[in-house]
Each structure stands twice: as structure tokens, then as C-alpha cells.
Amino acid sequence: MNLQVLLSALAVLVGGAAAADELVLPKSMERNQPADFAYRFDKSLTGRGSLDIEWSDVVGRLVERRRIPVDLAEVPEVVFALDLKRAAAMGNQLVAHLTLDGVEEHGGNRYLENEVSTSFIVPSADHPWSDYQIIMWQGQTPAGYATLKKLGVTAGMVQADHRDEASTSMPSLARVVDADLRCYLENIATDFYSPYHKWYDGRPVDWRFVEAKQRYWANPGDRAAFIREPSLSDPEWLNKIHDRLIRSVRALHPYRPLYYSLGDETGTGDLAAFWDFDFSDFSLAAMREWLKSDYDSLAALNQQWGTAFRRWDEVVPMTTDEAMKRSDENYSAWADFKEWMDIAFARALKSGSDTVHAADPGAVSAIEGAQIPGWGGYDYSRLATSVDAIELYAYGENIPIARSFNPELILLTTSFGSGPSEAHRVWRELIRGTRGLVLWDDKSEFVGEDGSLGDRGRAAAPYFGEIRNGLGALLINSRRHMDPIGILYSPASRRMQWLLDRRASAEEWSRRGASTEYQDDAIRASTRQFAHALEHMGLQHRFVSSEQVRRGELRADYRILILPHTIAVGANEAAEIRGFVERGGVVIADSEPGQFDEHGRRLMKPALSDIFAGPANRSAASFVLGKGKAIYLASANGRDRQNTRRLSRILDNAGVKPPFPVLRIDGRPANDVETHVFRNGELTIVALQRDYLPPANRDNRETVVLALPRIFSVYDLRAGRLLGNTDRLELDLGRVEPVLLSLSEKPVAPPSITGPGRARLGEIAEFQVRSNSPTEVGGIHLDVTDPEGGTIAHYSENLLIDGAVTTKVLPLALNDKTGVWRLRATDLPSGETATAELQVDP
């Protein structure tokens, strides 16, 4: 089905003429620009009369009504312009009524009257990801969508068709557009990126993975069980997906989808489940080419792997079964293959992203249902730069890990639950870096078919409203403050730890599934505990990958590097860490680092033995090298007071102190409060949120003291009140919502809004809105109310002011109310307001 078929209504015969006339749309339309439309006749005509056009939209506005005199002499069409600055909704309808007299036909003249109509799309002019997006996954009735929109939902899902016969499911797209919501395209290539976790009629989603396991169990020596179908390196499949993506993006381009989802719950196998994929010829051939770039020669590879291949086309990696039996602790042929599969997955995603961008340079590519860091292709140091957006199941620190490797990455998370714990989680993940939320509501708990608000919708309404009314936009457009602390993200160590754990266990590795891979291991626990301790000390860390270290990342602004159970370290990586310490850096490890090299071979001497001059022990030894130190410290999870105090002293001695320490009333650190700091020009935003406490806990509120480095003018963003000029605040923290504070050196002047005092229905009124906040990107929430006092959603919005002033266009419809309209501009960082009135006449 072609989208134009959906958008073009059938011609309606009014006066007996052939109904083959049509309205021809411009090839492209942009809001705030004029566009030429054409009424095209089925054949060239001569005659005199008029063309009456009527433009309306899905929110009920009568945008324009105009009569165009026509005097035709054998012409094929009448061209007329619409000023798309008048648009306020994406979905629009155009009706054109033609009347002609003196039409020449069969040697005589006659009267002709005809009417045709069409739908057209005017995309929004804003960048959608400059604000927080809330997306409903399940399709809804018109009444349901209307209620969700009032709740703050901004978009709906449109399901792609995997059969390559059509690009989109038209009914779901039409319903979303009719609700004046944005959309995203779901599961375009799930059959390629998620074949072992994909919905099928009448079968479990993982049936293909189960079949692969059963084939292996029947004959463990049969490597055919380890051939991924389709291979991520199969050129025929890559070309097939390329063509499908091109068609899909071109079809949906007029709608400017929030993103194009390459696949949901993607992976090399079943989610993050471990498996020996992919031994196909396509995969092995591509792996050999990659190995050639990683090793200087075949001889070098043989030396590393302990093999004797004579030609590159003989190179075959080691299976997990073979690695389990290896006695010399050289797992290079296994570990390199596992790294290759991460690369193959990331490359395949990057190929899809590149195709999306080729079809539309402004489009956003994405994957959904992203998993815990680990197996199934989930090396976030590669994934974070393979797509533009990722919807994650937040676990294993994957939000701050992905954000660290690509600060521009659009991160979303999913809402499955309800109640206080869900509100706490949504706020926390916004503060940690997400820009949107996908709602999973298979039980219709948000809204019913009749539009009635459900329990989940009622519970979410308060925080959806706060986030969508500007707080989300303010945080998204502020720059996250980072302290000079890095936590090493070492995929090589994660691979080796998994193998060592399996070798030490009686568990059969092939019986593990995606859920078992979520179980803690030493690296995951250590990473989480160090990150937790830092965040609860008021410090902001970033993750740094082994590859970044090899490229010299530590030569930038770092004073602390934490190695969470980092058992695999490459020679170049070790040299960079050594140089970091010699220059004065401090390295903290919870176990002896670098016992294996980056390929998975046990080293005779640990790679960092000249820095950590001895194994880790309970005495928490400290070693000096050059101007810096190497220190053993068990993971400080914030609950072990001795370890936490020692970590705090280490940081303090290195000159790394929290810019905004949070204390209890008695002066002790508030170790149950997470702190995040943002900068926006001269403005600072401090976010404080307690760890979640169940409702039964009697300690519902806690008073803490926030120490400021100097006197600031402080504004409580959520409470909407000025707290005055101070360098010390006593704050009452609840168990769910955060406290968000904006700090400025001096009180912020109110914004201003200027424009015409009077306009007529059908005219465009333009207002200049100025922010006086000391921000780099200012934020204004603009409410537009009609003469009856109702807030008009399609005229109200969050305005981003990159500079001092922005223009607000108010395109009054012919059927808007007459009387006094009011515009209220609220400066998001300060709460200061300005208003303007507009007398609207008939």
C-alpha cells in the first residue's frame, strides 16, 4: 500500500462532471514556509469561475477559507499557495470546490461543478528530542488517544510489516495522526536483528533459539547449531534490509517519526543469552578480515592463539566446549570470536543506521528493548555509536555506560509498572540521562477504550505533567557536570569472568538463558557498587572503555581511574594506565588487575604488576609510582562504612571533592541520596533523590543539608518557589520525587513577551519571547489561554531559546473564539513569568 493512497481522498462528483480531478501536494512541506498546491484537471480546460478552498485540521481548526477567481484557457491545473506557518497540527484536510462556466465540450459550452479533497501532513518544526517524549506502545481508540494526550503522551507506535510488501500498517498510522500525536516505526527489521527473539503466530518468541539448543544437545559436535540464521554478515540479507529501510523511511518521511526502530529486543541470539553464534561461512570470512587488521600476520595470530593455521581461510575459532577443556589458560581463539560477534552485531546495526540516514539525513535510527551489558552483542562501547537512539531495560548501569560512550545518544526506557516505585524510577532515569519513556500497557491500565482514565494513568498524571511542562526539556538541554573520575568498562574482562565462572561451576553453559545472564558476577557487582558509592557521595563519574584508554583518553581530565574486577588488560592499555599514574593519577582496583591479556591469555606476570606491586589483600595495600598511586580497595557500596570512608579519603587526597555535598542534620554524609549536577550557561541545576523506600517504611521523609560553595540565588524547580540567597539549605526529601534546584549567582530577571495587541480570526500573530536567565539554552513554558480561560494545547508549548529571543507564532483559526487571549511565559529555571494579551476580533 502506498502512503499517497491513504492520504488522497477519492474525488467527489457534485455536478455531473467526470470525477478524475485531483489535488496535487507539494513534494515536500515544512512548517513556517509557504507551499504550492495544485488543483489538476483530468484534461486541460477553458472557462471562467472560481476555486474555493477550505483548509482544516485534526484538532478541529478551520485554518483557512479562500475563493480564487479563475479564467482558464486550455490549462491543466490551477496552482495556489498555502502558508504553512498557519499549521498547528500534523494532520490536515484540504477541500477544493471548483465552479466553471463556459466550459467547452463537444462544440458547445456547459456549466461544471466539482469537489475534491485530500489529507496532507505538515510536520512539526521543532526537534522532538529537545523535549521529553512519552510514547504509548499499544494502539488505542480515538477516545483513548485523546485522554492519553491530555495526560502528556506525545506519540504512538506504528507497526512495520516484515514481509517487504508494505512499509507500514496504515490504520495505526492514521489513528495516531488523527489524534495529533507523533509516531515511530516499530520493528522494521526484527527478522534480521532479532530472529531468535521474535514474535511468530502460534509459537514462542524464542522457538528458533530453543531449536538451536536442541540440535546442539543432540550432537554437541555439530557446529551447524552455531550458525546464525540469518548471518549478520550475509550480504544478501544486508542488501534486503537496506532496501526495506529505504522504502520505509521514504514512506514515513512526511511524518518525521521520532525514530525508526531497526528491531525490538535485538541480539545475536535470544536477548542477552550466551551462545556460540555465528559459525556460518559469511561470519567466519568477515571475522578473518577483521583479524587481519588486528594481527600483523597469520604468524602473530598463531602465536597468540597457540595454533598452526597455514592459510587465513583455515582460521576457525574455538567453541565454548573447547575453551572449557583448555588446560593452558589461553582462551584467545574463543575470546576473539566473542569480540568479533559484538563487532558483527554493531556493524550490522551501523549499516542499518547509515541506510536510514541515506534515505533521510535528519532521521533517527534506533533499537528497542536493549539488554544488560554482556552477551548477545551488548558491548555498549560499540552499540552507543551504532544507532542514534536506544530504548533500554535499565539494568547493569547500562544508562550511564551508554551515555558515557555517546553523550548525544538518545536514551529511552520502558514503563511496565505503576505506583510510587515506578514514579521514583521514571524520575531517576530522567535525571540519569533518558529523554523519553515507552509505555507498555497490555492490560489497558492507562486508559480504557471509552477514554476513561485507568489507575496507572491516574498515578502517572502528576509526574508526566511536571516532566512535560518543561522540567524534562530543561534537564535534556543542560550539560551534565562530570568529575574527573573514570570507571573502566572492559568487555575483555567481562568475557573472561564469564568463562572462569562457568569453568568453576557444575552448571552446563548451554542451559543458561537470557534471565540467568542477569545474575550478578564479580564485575557487575563491583561496577554497580563503585558507581553507587560515587553517586551517593555527590560525585559524577563517567565510564571509559578499554579502547578509549588505548587511544589516550586518560590523558584528558581524569584524576581517578577505578578498575572494577578488571582481570583482562592489554599491553597498550596497561602502558596508558601506567602513564596516567606516573603523571599523578590514582588507580583503584578491588582485585589484581590484568591477569589476562585483552585476547584472553593468562599472563606470566599481571599486566599492571609494576603498578600494583603485589596481589590484593585485606590490608588494602597502596603503591606509589611517579607522582601517583595504585590502591587496592574492596568495592564500596555505600553500606560498608569503613570502605566508603576510605574511598572518600582517597578521593579527597586526590583533590576530588563533591561540588555540592549532602549531609544529614548531624553532619554525617547522607549516603542514601543520589546527586546529579547539570550546567547551563551560568546556571547550575542540582538534582537530589533518595533511594526508594517501600510505602510501609515509616521513614517517609528525611531532612538533609546541602552545602553550597558560595552564596547562590536558589529556586526550587518542582515546588515553584524561590528559596532566597544562601550557601546552606535544609531540604526535606520525600521517598519518591527528587528535589530539583536551580542556582544562579544573582536573582534571575523575569522573561518578557511582546507582540501585537489586536488581531483578527484567520490572522497570524507573532510574539517575541525573551529569556533573561543566564543560560546557554533557555527554557520557557508558554501557556496560551482562550477568552473562556481554557488552555489551548495546540498553541501552548515549551520554547527553547538558544540566545536571547525566540519568536512564537500564533496562527489564529477562523473558528477560534473571539475576545481576549492571554499568553503566559514561565521561565523554567527561575519560575518568573510574563504575560501578554491579544484582543481577537471576528
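The values are calculated or read from the model by the stated rules, or taken from the named source; none is laboratory data. What you see is a predicted model, and the numbers here were worked out from it, not measured in a lab. In this analysis, Cβ positions are derived from the backbone assuming ideal geometry, glycine residues included, and neighbour counts consider all displayed protein chains. Each accessible area value is taken on the protein alone, full model and side chains, heavy atoms only, with ligands, DNA and RNA left out. Shrake-Rupley method; radii C 1.70, N 1.55, O 1.52, S 1.80 Å.
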(message) Can you confirm whether GLY436 is closer than 29 Å to ALA146 by Cα and under 14 Å from the mean Cα position of the chain (by Cα)?
(response) yes
(request) Tell me which residues, restricted to the range 261-305, are touching a Phe, Trp or Tyr at 6+ places or on another chain (Cβ under 7 Å) and among the hydroxyl-bearing types (Ser, Thr, Tyr). (result) SER261, THR266, THR268
(message) For the range 206-226, give me each residue that is over 14 Å from PHE274 (Cα atoms), in contact (Cβ under 8 Å) with a residue 24 or more places away in the chain and not in a helix (DSSP H, G or I).
(response) PRO220
(message) Within the range 731-743, does at least one residue satisfy the condition of being in contact (Cβ under 8 Å) with a residue 40 or more places away in the chain and open to solvent by 50 Å² or more (accessible area, probe 1.4 Å)?
(response) yes
(request) Give me a count of the residues in the range 392-409 that are open to solvent by 10 Å² or more (accessible area, probe 1.4 Å) and closer than 18 Å to TYR184 by Cβ. (result) 1
(request) Taking LEU23 as the residue in question, decide whether it is at pLDDT 95 or above and surrounded by fewer than 20 Cβ atoms within 10 Å (Cβ to Cβ). (result) no
(request) Please indicate, with yes or no, whether at least one residue in the range 447-463 is more than 30 Å from GLN548 (Cα to Cα) and under 21 Å from the mean Cα position of the chain (by Cα). (result) yes
(message) Residues that are within 26 Å of VAL569 (Cβ to Cβ) and assigned to a helix (DSSP H, G or I): does the range 470-477 have at least one?
(response) no
(request) Say whether the condition of being in contact with a strand residue (DSSP E or B) (Cβ under 9 Å, 6 or more places away or on another chain), assigned to a loop (DSSP other than H, G, I, E, B) and not aliphatic (A, V, I, L, M) is met by at least one residue in the range 241-255. (result) no
(message) Restricting to the range 163-220, and then to whatever is touching a helix residue (DSSP H, G or I) at 6+ places or on another chain (Cβ under 9 Å) and among the basic types (Lys, Arg), can you tell me which residue is modelled with the lowest pLDDT?
(response) LYS198
(request) Would you list the strands (runs of 3 or more DSSP E) that sit entirely within the range 52-169 and hold 3 or more residues that are touching an Asp or Glu at 6+ places or on another chain (Cβ under 7 Å) and in contact (Cβ under 8 Å) with a residue 12 or more places away in the chain? (result) 62-83, 91-105, 108-121, 155-159
(message) Within the range 451-465, does at least one residue satisfy the condition of being of a type in the set (Ser, Thr, Tyr), part of a loop (DSSP other than H, G, I, E, B), in contact (Cβ under 8 Å) with a residue 40 or more places away in the chain and open to solvent by 40 Å² or more (accessible area, probe 1.4 Å)?
(response) yes
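Residues checked against (1) closer than 14 Å to LEU262 by Cβ; (2) within 28 Å of the chain's Cα centre (by Cα); (3) of a type in the set (D, E, K, R):
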{"residue": "LYS213", "(1), (2), (3)": "no, no, yes"}
{"residue": "TRP217", "(1), (2), (3)": "no, no, no"}
{"residue": "GLY221", "(1), (2), (3)": "no, no, no"}
{"residue": "ALA224", "(1), (2), (3)": "no, no, no"}
{"residue": "ILE227", "(1), (2), (3)": "no, no, no"}
{"residue": "SER233", "(1), (2), (3)": "no, yes, no"}
{"residue": "LEU238", "(1), (2), (3)": "yes, yes, no"}
{"residue": "SER248", "(1), (2), (3)": "yes, yes, no"}
(message) Looking at the range 519-577 only, could you name the residues that are surrounded by 20 or more Cβ atoms within 10 Å (Cβ to Cβ) and among the basic types (Lys, Arg)?
(response) ARG524, ARG542
(message) Being at pLDDT below 95 and under 24 Å from ASN680 (Cβ atoms) is the requirement here; does THR826 meet it?
(response) no
(message) Tell me which strands (runs of 3 or more DSSP E) are completely within the range 696-810 and hold 1 or more residues being β-branched (Val, Ile, Thr), or say none if there are none.
(response) 702-716, 721-733, 739-744, 752-754, 764-770, 778-785, 797-801
(message) What are the pairs with Cβ atoms under 6 angstrom where one residue, in the range 520-544, is under 18 Å from LEU651 (Cα atoms) and the other, located anywhere, is assigned to a helix (DSSP H, G or I) and among the hydroxyl-bearing types (Ser, Thr, Tyr)? Sequence gap at least six, or different chains.
(response) ALA533/THR644; ARG542/SER404; PHE543/SER404
(request) For residues that are open to solvent by less than 30 Å² (accessible area, probe 1.4 Å), hydrophobic (A, V, I, L, M, F, W, C) and touching a Gly at 6+ places or on another chain (Cβ under 8 Å), tally how many sit in the range 129-154. (result) 6
(message) Kindly evaluate VAL249 against the criterion of being surrounded by fewer than 20 Cβ atoms within 10 Å (Cβ to Cβ), of a type outside the set (Lys, Arg) and farther than 21 Å from SER332 by Cα.
(response) no
(request) Report whether or not TRP340 is aromatic (Phe, Trp, Tyr), free of Cβ contacts under 8 Å to residues at least 60 places away in the same chain and either surrounded by fewer than 17 Cβ atoms within 10 Å (Cβ to Cβ) or in contact with a Pro (Cβ under 6 Å, 6 or more places away or on another chain) (or both). (result) no
(message) Looking at the range 554-573, can you tell me whether even one residue there is among the polar types (S, T, N, Q) and part of a helix (DSSP H, G or I)?
(response) yes
(message) Between LEU181, LEU232, which is under 21 Å from PRO123 (Cβ atoms), crowded, with 21+ Cβ neighbours inside 10 Å and not hydroxyl-bearing (Ser, Thr, Tyr)?
(response) LEU181
(message) For the range 550-579, give me the residue count where each residue is over 29 Å from the mean Cα position of the chain (by Cα), of a type in the set (Asp, Glu) and closer than 24 Å to ASP652 by Cα.
(response) 1
(request) Give the residue, chosen from ASP313, ASP281, ASP276, ASP296, that is under 32 Å from the mean Cα position of the chain (by Cα), acidic (Asp, Glu) and on the phi < 0 side of the Ramachandran plot. (result) ASP276
(message) Being surrounded by fewer than 22 Cβ atoms within 10 Å (Cβ to Cβ), modelled with pLDDT under 95 and part of a strand (DSSP E or B) is the requirement here; does PHE623 meet it?
(response) yes
(request) Select from the range 76-94 the residues that are open to solvent by 40 Å² or more (accessible area, probe 1.4 Å) and either more than 16 Å from MET29 (Cα to Cα) or in contact with a Cys (Cβ under 6 Å, 6 or more places away or on another chain) (or both) and list them in ascending order. (result) PRO76, GLU77
